[in-house]
Structures are given as structure tokens and as C-alpha cells.
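The values are calculated or read from the model by the stated rules, or taken from the named source; none is laboratory data. Here the structure is a predicted model, which means the values were calculated and not measured. So basically every Cβ, Gly included, is an ideal-geometry build from the backbone, and we count neighbours across all protein chains shown. What goes into the accessible areas is simple: the full protein's heavy atoms, side chains included, and nothing from ligands, DNA or RNA. Shrake-Rupley method; radii C 1.70, N 1.55, O 1.52, S 1.80 Å.
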Amino acid sequence: MTKTLSVSAIQNGTVIDHIAEGQALKIIRLLRLLEKKYTVTVGLNLPSKRLGLKDLIKIENHNLTTEEANEITIFAPLATINIIKNFEVESKVITSLPSSITNVFICPNISCITLSEPIESFFFIEEQGQKIKLTCKFCEKPFYRNEVKVNL
Ligand code: CTP
Ligand code: ZN
């Protein structure tokens, strides 16, 4: 059986696959891919056996740092990150959830100082079973990941 790709194969670079639907554009902003002028192709709402629908990002001639790969897991815990060399998958990046994140999320606590002062947000990150918990360093309130909006 021949396998056709809805987004072309790349020669060298990084493929972020199995991104939960709706998260690719946030990841593009998180990684500042537009500002960096990389050649990027994006697939949105692609059919996936595992996820139903998935998003996918291909970045040509650039390998993500470990820190960037880890930050992606806050948006897409099931994403697979592949390093491509000469059209072959050279390696799959092993990611782990980062322990904190600066200036990406907005504290949902309306009394939090980060909303009234020009302070970069800072959240501690923990895994709680299948869920991701974010705790604001400033007001110390914990939130589930889906309760916290991004500032990207
Ligand atoms: N890919 C690509 N360009 C290449 C080789 C691979 O864009 N030259 C992409 C594939 O389309 C896929 C991802 O890189 O989205 C991973 O490739 P591969 O491991 O071959 O895919 P799968 O067998 O689907 O692996 P997995 O399900 O483990 O991600
Ligand atoms: Zn707060």
C-alpha cells in the first residue's frame, strides 16, 4: 500500500506530529516561527487514527532545542517530534514536561498582581495523573491547564 502525505515530506528539519487539534497555531506563536522566517508548513484538522483529528507542523532546516520541544508538551502532550535528515527520520525527540514556564500564560485569578502590574507571568508545572496543573508563582493559586489562557 502506498502512503500519501497530505503535507509534503521534508529533506531536513523537524516534524511535530500528533498535535491535538487546534493547538498548532499556538505552538507556532510559542516557538516564534513567523518572526524567525523559517520555512514552515502546517496541517490542520488532519485525520488521525489515534487522535481523530490532529495538527502537524514541519519546520525546514531547523532543529528545535530541548527546551522548545518540552514546552510543546504543555500544549500537545501526545505530540511526537521527529528530526529529519536527508528525507529520513533520524531520531524522535524524547520530551518531558517543563517544571515552569515564563510569560506564556495569563493568571485566571482576577486579583493576581500579574494582571495589574507589568510583571511577566510565571507558573510552576506539575503532572497530576493525566492532567497538567499550573500554579501561579505570584498568587500561588493552582489551575488545571484547560482553565488557563495563553498570552501569545
Ligand atoms: N516526515 C516528513 N518528511 C520526511 C520523513 C517523515 O515530513 N522526509 C514526517 C512524516 O510524515 C510523519 C513524521 O515525519 O508525520 C514521522 O515520520 P514517521 O516516523 O515515518 O511516521 P510514523 O510511522 O507515522 O511514526 P509515528 O506514528 O511514530 O509518528
Ligand atoms: Zn496569579
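Restricting attention to region 74-108, report how many residues are under 24 Å from N151 (Cα atoms), within 16 Å of ligand 1 (Cβ to nearest atom) and open to solvent by 50 Å² or more (accessible area, probe 1.4 Å).
2
What are the pairs with Cβ atoms under 6 angstrom where one residue, in region 31-44, is of a type in the set (V, I, T) and the other, located anywhere, is surrounded by fewer than 16 Cβ atoms within 10 Å (Cβ to Cβ) and modelled with pLDDT under 95? Sequence gap at least six, or different chains.
T41/V7
So, L33, is that one open to solvent by less than 30 Å² (accessible area, probe 1.4 Å), in a loop (DSSP other than H, G, I, E, B) and hydrophobic (A, V, I, L, M, F, W, C) or not? Show your work before the answer.
Numbers: open to solvent by less than 30 Å² (accessible area, probe 1.4 Å): yes; in a loop (DSSP other than H, G, I, E, B): yes; hydrophobic (A, V, I, L, M, F, W, C): yes.
Taking the combined requirement at face value, the residue satisfies it.
Suppose we keep only residues that are among the basic types (K, R) and at pLDDT 95 or above within region 1-30. Which one would you say is surrounded by the fewest Cβ atoms within 10 Å (Cβ to Cβ)? Quick ask: steps written out before the conclusion?
Of all residues in region 1-30, those among the basic types (K, R) come to 3, 26, 29.
Remaining after also requiring at pLDDT 95 or above: 26, 29.
Numbers: K26: 18, R29: 15.
Step by step, filter region 1-30, then rank; the result is R29.
Against the definition (out of contact with any Pro (no Cβ under 6 Å at 6 or more places or on another chain), within 16 Å of ligand 2 (Cβ to nearest atom) and free of Cβ contacts under 8 Å to residues at least 40 places away in the same chain), how does S91 come out, yes or no? Full working, then the answer.
On the way: out of contact with any Pro (no Cβ under 6 Å at 6 or more places or on another chain): yes; within 16 Å of ligand 2 (Cβ to nearest atom): no; free of Cβ contacts under 8 Å to residues at least 40 places away in the same chain: yes.
Criteria not met by S91.
Could you tell me whether N70 is more than 16 Å from ligand 1 (Cβ to nearest atom), open to solvent by less than 60 Å² (accessible area, probe 1.4 Å) and in a loop (DSSP other than H, G, I, E, B)?
When the stated conditions are applied, N70 does not pass them.
Hey, could you check region 109-142 for residues that are over 23 Å from N70 (Cβ atoms) and within 9 Å of ligand 2 (Cβ to nearest atom) and say which is most open to solvent (accessible area, probe 1.4 Å)? Break it down stepwise before answering.
Within region 109-142, the first condition is being over 23 Å from N70 (Cβ atoms), and the residues that meet it are 109-113, 115-119, 139-141.
Now restrict to residues that are within 9 Å of ligand 2 (Cβ to nearest atom): 109, 111-113, 115, 139-141.
Working: N109: 27, S111: 97, C112: 3, I113: 82, L115: 85, C139: 36, E140: 140, K141: 97 Å².
Ranking the candidates gives E140 first.
So K149 passes all but one of these: (1) touching a residue at least 24 places away in the same chain (Cβ under 8 Å); (2) within 22 Å of G22 (Cβ to Cβ); (3) within 16 Å of ligand 1 (Cβ to nearest atom); (4) open to solvent by 90 Å² or more (accessible area, probe 1.4 Å). Which condition number does it fail?
(3)
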